[in-house]
Amino acid sequence: MAGVAEDIRRLAGELFQAGKIDLLIGFEQGTGSYRARPVFVESAAGAEGLTWDSTCSSNLAVYLPSLFRREPQKKGAERALPRVAVVAKACDMRSLVALIKEKQAPRENLFIIGIPCRGMVDERKLAAEMEKATGRVDVTDLSESEDSICATTPDGRKVEMAREPLVQDACRECRFPVPQGADATVAAPSRPPANGDDGAVLQFSRRADEERWKSFEEEISRCIRCYACRQACPTCYCTECFAETNRPAWIGATAEITDTMIFHIIRIFHQAGRCVECDACVRACPMGIDLRPFAGKIALDVREMFGFTPGFDLESPPPLITFKDDDRQDFITEPHRG
Amino acid sequence: MNEQGMSGGWQPRIVAFLCNWCSYAGADLAGVSRMQYPPSIRVIRVPCSGRINPLFIVSALQSGADGVLVSGCHPGDCHYLSGNLVARRKFALVKNLLAHVGIEPERVQFSWVSASEGARFASLVEKVTEDARKLGPQRKLAKVL
Amino acid sequence: MKNPYAPIPVTIDDVFIENEQRDIKTFRLAFDREEDRACFAYLPGQFAELSLFGTGECPIGIASSPTENGHLLFSVKRTGVVTGELHASAPGRRMGIRGPLGHSFPWQRMEGKNILIVSGGFAFTTLRSAIVYMLDPANRQRFAKITTVYGAREPGELLYKKSIADWAARPDIEFISTIDRQKDGWDGKVGLVPNVVKELAPSAENALALVCGPPIMIKFTIPVLLELGFAKEDIILSLENRMKCGIGKCGRCNVGPVYVCKDGPVFTWAELEKLPAEY
Amino acid sequence: MGMDKGLLRRKDLDALISAMRATAVVYAPVRDDRGSVMFHEVDSALDVRLDGTNTLTSPKGLFFPQREILMRFSGAALTNADLPDGFFVVFGIRPCDASSLPWLDCVLCGGEQPDPYYQERRKNALVIAAACDRPGPGCFCTSVGGSPYGTAGADVLMSGAKEDDALLFEAVTEKGRQLLAANAQLFSPADAQATRGREERAEAARRSMKVMDLNGLKDKLDAGMDSPLWDSLTRTCLGCGVCAYICPACHCFDITDEKLGGDGVRVRSWDSCQFPRFTLHASGHNPRPLKKARMRQRVMHKFSYAVETAGTVFCSGCGRCVRSCPVDLDIRRILAAFKDLP
């Protein structure tokens, strides 16, 4: 991984020195050792602090729409749009494509540094593992080799853990671990792609109706309406969200259970044809709500019903603004004629 | 909405979103033709089934509807050419997503009714009402203040 | 224990359309209970939360004067959800108010002083209250000269037209209304408020200035007043910010360490100048 | 008359909880099936988790619920919601969280118009703090005037004793003394050894934490209102409400009406200064339109405005916002950056 970080720093330095970019969004060492911190770099010197490891899980595409949002500007004093480099795993890359497709970021202003991905470490799994091993979760240093992660505790103890079980569930189900369409791709190992056969959604959907409802209700009852899921999602960029408008006030403003359920159902629905299953929403949730079995449904259905997988091509129309004459309609109610 | 029907027992309450050009006219025809169908229904007229926002549907459920019916022109007959066909994709996803999280599929139903299908409309209301009656009051998304 | 969130029941008594655009209406509210009327002791400059059950609340300056016994006036511009609903309300509608809230204009400091009132557009409401209060026979001798400059974009946007005409004709107040651009049928002054103040050049001697208006008017009026010799402490302004509780708890109307609701809405320029411009 | 301190054998904890449950609902940290520790009602000591890290969310919701109905109306007829009644015990709250309660008191009970709902809950509650022997990652209470063995906001402070076979209960308030006296049969006198052990533990816990020197921070913050640091340090902020909602000291709220047919409620609910709508005027004007202004508000409120209005910072250093921020913004970095300004 050290080599990957080195390559990113070198590439970033070159881009700044060549005057090709104004800004680079990447990762730096976080305060804790559990996750790397997103960082905005504006110079070759700043690029020295860039890092890459198995905790670079954030989807950095989330920062783009606001960088390119057109504010009202005085004539003659129009602000030039920034040229931005983004460090992107395969899922981030797909989010970038989704954003470009939706005109939230001009492709020509982006320099995408693609990083093939072995799957990122789930900090909750890591914490649980550490607690099991040492009784507490503190880690002062994290190092990694090909198949293992080694954590150091404040009192100097080293805990060696197998890497694969620590990988985020989303990554374990990832079908596209190698970014496609980047401007430069750093040489890095990637995980074998999953075949998409039996993920969280399918497992969930096999459960009985009432069991699914119970599970949904239980998960959502933890929600505190902090909107971290929405804010962390690259394709949730609306400046006015249905959950907060007051004319009309679609739902109440509080954490009342039906309001939060509707918030999540509709937010998930709004991701149809756009969700790349990066799991940013799940990671961001401070309450540990597992949205995957619900959120993943929309991606699965869009794929199965309309043959669309978001985040690859820029040309085809988004699935929900188009139709086919033979789109399925087996769900249409046919009343018994009297 | 009052939970008590005329007969005193619980009666399901159905919110129907009907497109202006076909389904609403179909409902009208059922009315002028004196066809019998349950009085459980509250109709909201929309310009086109393409106007249906899934929020309309879940809002109806949150407000206490026991069932929701959405109906537009038959494929090919849309007054705006393809509004119902684009909507069909949305409907398929909404139907699946709601069922996926455990809301009974019969609570939210989609159909096509043309302006000449008064009888189809009547039997559709009959079916949606009967389905809701079998399921009992909808409480999953209904807000209690 | 008194519940500070509980509104006092009132009924809309009468509604007046104030401007040509018809987006500002004055609501006259009558207390449903006599004891509430007796308890509602306020001074010009204070505000109240108007409360529509099922819709919400919004903070509005009190436009009536305590000397107008018995009812309250609120002039409301149709802007958001609550004001929209209010504008759709007819006399007889029952609603609530919470208040009086905030601090009034500094009436103790104003005693014996020449009072200059500068206002623009819709922000005149609490100044109407102040003028009516000062002109009340029981109060008039407590203040020296009263001068008012009140401007609007056009004549139809001036509030309280009937009162304005009365005041303009009275000897115990100098009342100048002005409009931004000449319009047919207007024989009064034409010019932006800060310019009119400059031209009028009221003496800063023993004087206090009350300034309420849109941000742009305030921005250009303050330098004029400073130039005329008004001390920063003697320029009194009234702020608006989004509010919910109105009693310094919900935490959204703060400007730096002060809350507009409980520490304001009335501030001196000397105080405001030190605060971040988050209003 | 009360009792100042006493030792409780671990195995008698259940008896104490049962005794308290005779007159009150007891809330304590409980680990749920997915491993997160949260305050829940308990009926025995079995579920109570006193070791390990702090609860996921702060227990402020026990006093100041996220959603609280203030009044109900039917047409134009209005009734106030009943004030909360019933005694409750918050058992095992961390000193950092307990120390936030006096700040909430200051805002919600202070001034001429106290908040009756919050005030009633405070009156009805007994707060038993559990001293913290293992400050977790992100904790920084000792940098903001707190201590892992602090007693602010608590009625009783409880700490481990006798190699953890016993718990030392020290009453902080009269309410606390009464609790100990009422259950005197469960307690044995705290001997010198236990008291000495307590000092050693407290010292060890304090020493385990790195202290940031934040002396003079307020002046630096006040002078740095327009500093470009606000921009550079908040650029990665996502603008969610995590930090405010899990914070034991954040107390800003919204009041909204909800209606079904002709009936409705007026609800008070948590709000966050990080949301653009928090300050958005109906006219469209927003006094804090940018996220740097919103994060500045959060930091200034806690570390400058509160010092001015309440004489204390409104941050207990519980570390939740550090641990739960999706982008690791880390408020300590912001504080340190301003502290380091010349």
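Considering the range C:259-279, and only residues there that are closer than 23 Å to residue C:3 by Cα and within 13 Å of chain D (Cβ to nearest Cβ), the residue that is farthest from the chain's Cα centre (by Cα) turns out to be C:259. Out of the range B:7-35, which residues are of a type outside the set (Phe, Trp, Tyr), over 24 Å from residue B:142 (Cβ atoms), out of contact with any helix residue (DSSP H, G or I) (no Cβ under 6 Å at 6 or more places or on another chain) and in a loop (DSSP other than H, G, I, E, B)? Correct list: B:20, B:22, B:34. In the range D:207-219, the residues that are outside any loop (DSSP other than H, G, I, E, B) reach residues that are surrounded by 12 or more Cβ atoms within 10 Å (Cβ to Cβ) with C-beta atoms within less than 7 angstrom, at least six apart or across chains, in these pairs: D:217/D:303; D:217/D:335; D:217/D:338; D:217/D:339; D:218/D:303; D:218/D:304; D:218/D:307.
Run down C:96, C:56, C:80, C:45 and say which single residue is at positive phi and within 14 Å of another protein chain (Cβ to nearest Cβ).
Working: C:96 fails: at positive phi; C:80 fails: at positive phi; C:45 fails: within 14 Å of another protein chain (Cβ to nearest Cβ).
The unique qualifying residue is C:56.
Of the residues C:261, C:212, C:253, which is crowded, with 21+ Cβ neighbours inside 10 Å and free of Cβ contacts under 8 Å to residues at least 40 places away in the same chain?
Values: C:261 fails: free of Cβ contacts under 8 Å to residues at least 40 places away in the same chain; C:212 fails: free of Cβ contacts under 8 Å to residues at least 40 places away in the same chain.
The conditions single out C:253.
The single condition from (1) closer than 17 Å to residue A:7 by Cα; (2) assigned to a loop (DSSP other than H, G, I, E, B); (3) open to solvent by 30 Å² or more (accessible area, probe 1.4 Å) that residue A:54 fails is (3).
Among the residues making up the range B:126-143, those that are in a loop (DSSP other than H, G, I, E, B) and either more than 8 Å from chain A (Cβ to nearest Cβ) or under 13 Å from residue B:109 (Cβ atoms) (or both) are B:136, B:137, B:138, B:139. Just to verify a result, which residue in the range D:50-62, among those that are within 12 Å of chain A (Cβ to nearest Cβ) and in a loop (DSSP other than H, G, I, E, B), is modelled with the lowest pLDDT? If we take residues in the range D:50-62 being within 12 Å of chain A (Cβ to nearest Cβ) and in a loop (DSSP other than H, G, I, E, B), then D:52 is modelled with the lowest pLDDT. Checked against (1) surrounded by fewer than 19 Cβ atoms within 10 Å (Cβ to Cβ); (2) within 18 Å of residue C:105 (Cβ to Cβ), residue C:272 meets all criteria but (1). Hey, any hits in the range A:155-164 for a residue that's more than 13 Å from residue A:54 (Cβ to Cβ) and touching a Gly at 6+ places or on another chain (Cβ under 8 Å)? No: the range A:155-164 contains no residue that is more than 13 Å from residue A:54 (Cβ to Cβ) and touching a Gly at 6+ places or on another chain (Cβ under 8 Å). Any residue that is farther than 27 Å from residue B:91 by Cβ and either open to solvent by less than 40 Å² (accessible area, probe 1.4 Å) or part of a helix (DSSP H, G or I) (or both) - is there at least one of those in the range A:195-217? For the range A:195-217, residues farther than 27 Å from residue B:91 by Cβ and either open to solvent by less than 40 Å² (accessible area, probe 1.4 Å) or part of a helix (DSSP H, G or I) (or both): absent. From the list C:185, C:248, C:229, the one residue that fits, being without any contact (Cβ under 8 Å) to a residue 24 or more places away in the chain and either surrounded by fewer than 21 Cβ atoms within 10 Å (Cβ to Cβ) or at positive phi (or both), is C:248. Cβ-Cβ contacts under 7 Å between residues 6 or more apart (or on different chains), taken from a first residue in the range C:1-17 that is in contact (Cβ under 8 Å) with a residue 40 or more places away in the chain and within 11 Å of another protein chain (Cβ to nearest Cβ) to a second residue that is surrounded by fewer than 17 Cβ atoms within 10 Å (Cβ to Cβ) and not in a loop (DSSP other than H, G, I, E, B), are listed as C:6/D:80; C:8/C:36; C:9/C:94; C:10/C:30; C:11/C:30; C:11/C:94.
Sort out for me the helices (runs of 4 or more DSSP H) sitting completely within the range A:241-338 that have 3 or more residues that are under 30 Å from residue A:107 (Cβ atoms) and among the charged types (D, E, K, R). Break it down into steps so the answer makes sense when it comes.
Working: elements: A:257-269, A:280-284, A:292-306.
Fully inside the range A:241-338 and qualifying: A:292-306.
Just one of (1) within 14 Å of chain B (Cβ to nearest Cβ); (2) within 20 Å of the chain's Cα centre (by Cα) fails for residue A:192. It is (1).
Looking only at the range A:120-152, which residues are assigned to a loop (DSSP other than H, G, I, E, B) and either closer than 20 Å to residue D:328 by Cα or within 14 Å of another protein chain (Cβ to nearest Cβ) (or both)?
Matches in the range A:120-152: A:120, A:122, A:135, A:136, A:137, A:138, A:139, A:140.
The values are calculated or read from the model by the stated rules, or taken from the named source; none is laboratory data. None of these values were measured; they are calculated from a predicted model. Glycine gets a Cβ as well: all are built from the backbone with ideal geometry, and neighbour counts include every protein chain shown. The protein model used for the area step is the full one, side chains on, heavy atoms only, and it has no ligands, DNA or RNA in it. Shrake-Rupley method; radii C 1.70, N 1.55, O 1.52, S 1.80 Å.
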